[in-house]
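Some notes on the structure that comes next.
The values are calculated or read from the model by the stated rules, or taken from the named source; none is laboratory data. Keep in mind it's a predicted model, so treat the numbers as computed, not measured. So basically every Cβ, Gly included, is an ideal-geometry build from the backbone, and we count neighbours across all protein chains shown. For accessibility, only protein heavy atoms count, side chains too; no ligands or nucleic acids. Shrake-Rupley method; radii C 1.70, N 1.55, O 1.52, S 1.80 Å.
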Amino acid sequence: MNPQRLFIRATGLALVISAAAMSPAWAASHQGGHGTHGDHGKPTAPAASSGMTDGEVRKVDREGGKVTLRHAEIKSLDMPAMTMVFVVKDKAMLDKLKVGDKIKFKATSDGGKLTVTEIASGKGL
Ligand SMILES: [Cu+2]
């Protein structure tokens with residue numbers, strides 16, 4: 001084999017390797033920056049009890065077992081503040097609700113179906 005040819009091949013390979021090595025290094029430092037930022041949490045958020053979200057009752061559908069809530073951001077569901085319909089885990093939860101009530105609630109995503117699992121009205125607690 002021609003030694004000069006081999007040298008060129010080796011040089012080209014080294015360039016490819018160093019170029020590839022740069023990408024993970026950049027990604028790692030980029031990710032690290034985000035991680036540090038996220039660790040600070042939410043110092044300005046009100047002391048919501050055990051991950052409950054503030055909401056206001058806009059509509060109650062007792063027969064359908066649904067409630068329309070205007071809710072604050074739900075970090076656990078990655079959802080911004082909005083007004084939307086939730087299914088309730090237990091229809092009995094709707095008995096104490098009326099339009100205009102300010103509540104705190106807990107919701108989970110049950111296979112894409114958003115379900116309220118717990119409701120605490122301000123006066124009840
Ligand atoms: Cu929502």
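Below, the figures for the structure above:
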| read-out | value |
| --- | --- |
| Checklist (1) within 16 Å of the ligand (Cβ to nearest atom); (2) at pLDDT below 95 applied to GLY35, failing item | (1) |
| Tally, over the range 86-125, of residues that are open to solvent by 80 Å² or more (accessible area, probe 1.4 Å), more than 13 Å from THR53 (Cβ to Cβ) and assigned to a strand (DSSP E or B) | 2 |
| Meets criteria (on the phi < 0 side of the Ramachandran plot and touching a Ser or Thr at 6+ places or on another chain (Cβ under 9 Å)) for ILE103 | yes |
| Scan of the range 91-111 for residues that are away from the ligand (no atom under 13 Å from the Cβ) and under 24 Å from the mean Cα position of the chain (by Cα), ordered by number | LYS102, ILE103, LYS104, LYS106, ASP110, GLY111 |
| Output for the range 49-80, where each listed residue is within 10 Å of the ligand (Cβ to nearest atom) and part of a strand (DSSP E or B) | THR53, GLY55, LEU69, ARG70, HIS71, ILE74, MET79 |
